[in-house]
């Protein structure tokens, strides 16, 4: 049964791979090496153990290359380049070449299956007498070259044409001889045309499906905030519970006033229970010359700064920024967009970004107030007018109104994550303001925003995080998912101010419900953060840049291992192909005697013990030589030098004595 | 859970069997590439692996479509040898008759054995050799055990045999070589004529039912003849078929009937003449008669120790000279059995046939074999015991035989660890090194 690829096929596949992946300079010598095996007569006598080592070495090469690629492809990925896994797959023909070349240049001509499975190795070690199965890697390597070439993602007609030619070349030796090639050629042609049509349809189908499904599903599963809409838990019954997961890390800065609010987005239209952003289309922000500084406007003193580390989902997301931010430094992303409500989203960034935000109380991030910032929803208007009247909010400056509202909530309301049943006729906000007077931050923020609007102060609903927990482990502030918060932005004295009316006890309340395993989670989270920071680091001094050097000793080790193998001629290789492992005593001179006797027609029969054989042919003088041969061949202790010399001398003496006789016997034949 | 796994393995094996029959080696490789291309080309934006996928898929579909039509009509005969032996290649002939009017070329013969899949009970109770050394997952899931059981029950692997061109209405014989892997009956199901498609990926099949069976004798090891001390023993009534060799039943005299004499020994003419029953008296017969006692008491199906013990018993059976003596093969299966060979009663080959089919005894205690042997001890000149362990029950049997004066040779087959503390006169035979052990005798 045919298992070896036809001449030049592997070389052609390697060249095809090199052409597609851009490694042609590498593929050319590899192809020459592979095809030269057909012309060269010498072979390496590689044992099963040698193949095991080669396989282990290839595995190590793959692992090291994987680590190297994984750690160095951050930038490429940001620019929508191939992933580390795809690049590693492209490298595979090169990384596995030592194994394939060893097979081609070995006397065995195949690789034992034990090289690929530890279980089989253990089994072979337990039962050395069983011969493990062998595999010819030729066609498998061919398939690998073709598939790796496809990972280069070169969408040209040449790729498909080359693919069809290689497929036809590989299939030609397997064709059924029952049919004329006039059948084979049209069938291959039909398959090529059908395959072409099929892949065009398949690609189109994926595009359509992506268009229809991807955005919808992605919007559900991703964790980023939607800058156009946020649905609050206002009106939900039961307990609100958020996770302990660390989502942000804030570098310490002196004088950070806790709790410090970091905003993701703000909204201006309330439609219970959701807040919406109207007229909040994003516009691109142009980077400064260094490509990492993004300025929204000129800041005013006093300038403050805070450094935030955050994960981005697939390189995209909405940044968390302090109110009044006017500049972001060291933000390595391709695109930044902002809207009039102060939301800033980034595109094509790394998995983890660390940026410094400069901010001032009157920063230009948020646009000036417009009509929706004063609009109160009709359903809540009567209620809010009544409360505003009770608080006498008609007169006074905006600052005084803000203070009055804040004091109102501070004195009369308490924090609660629990909400019970409410009368059907009441809205959730009405129940909060008039009856329960308890709720979570979304109630406070929504009520404050709408109450200020009822009092004529432009206000917006803001969501983000409250920085309040110092991590002794990390020596920086950490922000957990449960620190997600909402508050109000009030336009006072020409600038947007954060107004947080939620009672400060909310942080302690949330803290009291944290998991017992929180320290363990924190440790894991910190380790993940350190790894991610190293992985996504843009710093050239990282270990990833030097990982390639690790390959050099590995390759040298491989070369040394192969060079140290004994070379044998192809003829000898053919005769020894069935015996993979050299046996002790194979160079015994007794075999010369056996050859001489066989030439003379007195050869040993199959399965006949040599002792019975010399009895049968009446050659008892060979007894002492046979005894020494047996010991040389089978005794684990072997022969000492004297005995070895004796075996050689006695054998040569016998051969000398019986040279003419044997020839004579051989000449007349033995009956 | 076990039953669910069993069903899954069962279905998977059936699927694999059908796939192997349908696909040539190129076809199997193409399916492998197809699977890899599905993984690589799943995202058509990231790689062009999907182009490989669609091309290979088109090739396979086209091949499959062209293998739907195969207008061959064939008849087949299989000419099997009488026996085969484990591990020894055996060649048999298959005669294929082309019953169509046109020459059929480029065909492949697939000779098929019966379904090797084990039953649920076998799957649950069997233990693969070395299973205790496997990891937890393999032990719990049991796929290695399943694969081992299938290979054990298959008995042999028959490679596809390319057929020469078959002329119309002519019977063509081809030789098929197989190497049996286990003893017992190798059951053939039928032959299938396969026709690869023009691309050489998928085969069209024509199956012909041809159930047959080939008895595979146990593996035998070369060994010297075992000599056991002992004397000829009186055999009451002689051995019916042993009259042509050695001591035969010889008429001595007539005497009066005594209670207990068999009816067939009554001499009717003298009875009529003297008026009282008279019986014929014969010379007593004394033979050398040995027993070969095989221990079949093992808990696991396919226990390698048991298989080696059967091989040792077979090796001993053929090494003993039975022209002048009798050899009783004794073991316990569903009941206690004793088969006798020698002195023309039966040939050793017949003992091998019995040994080819002997199975483990899992529902009786070792005591039943003990009783069966002791019941016949007065007939036996000597006894060779092939045992699977050296525990109290087995030691008691040997002590009992020695106490009764029956010369006994004992062989214990087992793993190395179980043979360390055997007495000096008991031969330990290590599994995997049986040939060495027997050669040292």
Fill in the blank from the handout: residue B:58 fails exactly one of (1) within 14 Å of chain A (Cβ to nearest Cβ); (2) touching a residue at least 12 places away in the same chain (Cβ under 8 Å); (3) in contact with a helix residue (DSSP H, G or I) (Cβ under 7 Å, 6 or more places away or on another chain), namely (2)
Problem - Which listed residue, of A:506, A:487, is closer than 18 Å to residue A:259 by Cβ and modelled with pLDDT under 85 - result: A:506
Problem - Single residue of segment A:327-341 satisfying the filter (modelled with pLDDT of 85 or more and in a strand (DSSP E or B)) that is surrounded by the most Cβ atoms within 10 Å (Cβ to Cβ) - result: A:328
Fill in the blank from the handout: In the set A:353, A:344, the lone residue that is more than 23 Å from residue A:498 (Cβ to Cβ) and either surrounded by 18 or more Cβ atoms within 10 Å (Cβ to Cβ) or out of contact with any strand residue (DSSP E or B) (no Cβ under 8 Å at 6 or more places or on another chain) (or both) is A:353
Problem - Qualifying position, being touching a strand residue (DSSP E or B) at 6+ places or on another chain (Cβ under 6 Å), assigned to a loop (DSSP other than H, G, I, E, B) and surrounded by fewer than 17 Cβ atoms within 10 Å (Cβ to Cβ), among B:116, B:180, B:159, B:168 - result: B:168
Problem - Residues (touching a helix residue (DSSP H, G or I) at 6+ places or on another chain (Cβ under 8 Å), buried (at least 17 other Cβ atoms within 10 Å of the Cβ) and part of a helix (DSSP H, G or I)) located in segment A:499-537 - result: A:506, A:507, A:510, A:535
Practice task
Hey, can you tell me all the residues within segment A:109-154 that are within 11 Å of another protein chain (Cβ to nearest Cβ) and over 30 Å from the mean Cα position of the chain (by Cα)?
Solution key: A:122, A:123, A:126, A:127, A:128, A:129, A:130, A:136
Problem - Lone qualifier among B:219, B:206 - being closer than 29 Å to residue B:429 by Cα, touching a strand residue (DSSP E or B) at 6+ places or on another chain (Cβ under 8 Å) and touching a residue at least 12 places away in the same chain (Cβ under 8 Å) - result: B:219
Practice task
Please state which one of B:29, B:42 is at pLDDT 90 or above and either within 21 Å of residue A:86 (Cα to Cα) or assigned to a helix (DSSP H, G or I) (or both).
Solution key: B:29
Completion exercise
Reported set for segment A:296-319 where residues are under 18 Å from residue A:342 (Cβ atoms) and modelled with pLDDT of 85 or more is A:306, A:308, A:310, A:318, A:319
Handout entry: Residue in segment B:68-86 that is assigned to a helix (DSSP H, G or I), surrounded by 14 or more Cβ atoms within 10 Å (Cβ to Cβ) and within 14 Å of chain A (Cβ to nearest Cβ) present
Key = no
Exercise for the section: Count, please, the residues in segment A:165-187 that happen to be facing chain B (nearest Cβ under 7 Å) and either touching a residue at least 12 places away in the same chain (Cβ under 8 Å) or buried (at least 19 other Cβ atoms within 10 Å of the Cβ) (or both). Expected result: 8
Practice task
Determine which single condition residue B:404 fails, assuming it passes every other condition in (1) more than 18 Å from residue B:313 (Cβ to Cβ); (2) touching a helix residue (DSSP H, G or I) at 6+ places or on another chain (Cβ under 6 Å); (3) surrounded by 15 or more Cβ atoms within 10 Å (Cβ to Cβ).
Solution key: (3)
Problem - Residues satisfying the stated conditions in segment B:336-378, i.e. assigned to a helix (DSSP H, G or I), at pLDDT below 80 and more than 16 Å from the chain's Cα centre (by Cα) - result: B:348, B:377, B:378
Handout entry: The listed residue being in contact (Cβ under 8 Å) with a residue 40 or more places away in the chain and surrounded by 14 or more Cβ atoms within 10 Å (Cβ to Cβ), out of B:426, B:413, B:398
Key = B:413
Completion exercise
Over segment A:367-414, the set of residues surrounded by 19 or more Cβ atoms within 10 Å (Cβ to Cβ), at pLDDT below 85 and not in a helix (DSSP H, G or I) is A:393
Exercise for the section: Output the residues belonging to segment B:123-138 that are surrounded by fewer than 17 Cβ atoms within 10 Å (Cβ to Cβ) and assigned to a helix (DSSP H, G or I). Expected result: B:124, B:125, B:131, B:132, B:133, B:136, B:137, B:138
Completion exercise
Restricted to segment A:193-209 and to residues being within 7 Å of chain B (Cβ to nearest Cβ) and touching a residue at least 24 places away in the same chain (Cβ under 8 Å), the residue farthest from residue B:58 (Cα to Cα) is A:199
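Okay, residues lined up against (1) surrounded by 13 or more Cβ atoms within 10 Å (Cβ to Cβ); (2) out of contact with any strand residue (DSSP E or B) (no Cβ under 6 Å at 6 or more places or on another chain); (3) within 11 Å of another protein chain (Cβ to nearest Cβ):
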position: B:7; (1), (2), (3): no, yes, no
position: B:11; (1), (2), (3): no, yes, no
position: B:17; (1), (2), (3): yes, yes, no
position: B:28; (1), (2), (3): yes, yes, yes
position: B:33; (1), (2), (3): yes, yes, yes
position: B:50; (1), (2), (3): yes, yes, yes
Completion exercise
Of the conditions (1) surrounded by 12 or more Cβ atoms within 10 Å (Cβ to Cβ); (2) modelled with pLDDT under 85; (3) assigned to a loop (DSSP other than H, G, I, E, B), the single one that residue B:243 does not satisfy is (3)
Problem - Failed item in (1) without any contact (Cβ under 8 Å) to a residue 40 or more places away in the chain; (2) not in a loop (DSSP other than H, G, I, E, B), with residue B:390 passing the rest - result: (2)
Handout entry: Those residues of segment B:139-156 which are within 18 Å of residue B:179 (Cβ to Cβ) and either outside any loop (DSSP other than H, G, I, E, B) or not assigned by TED's automatic domain parsing to the domain that holds residue B:17 (or both), in sequence order
Key = B:148, B:150, B:151, B:152, B:153, B:154
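The values are calculated or read from the model by the stated rules, or taken from the named source; none is laboratory data. Predicted model, so just to flag it, every value in this text is computed and none were measured. Heads up, the Cβs are rebuilt from the backbone with ideal geometry, glycines too, and the neighbour counts pull from every protein chain shown.
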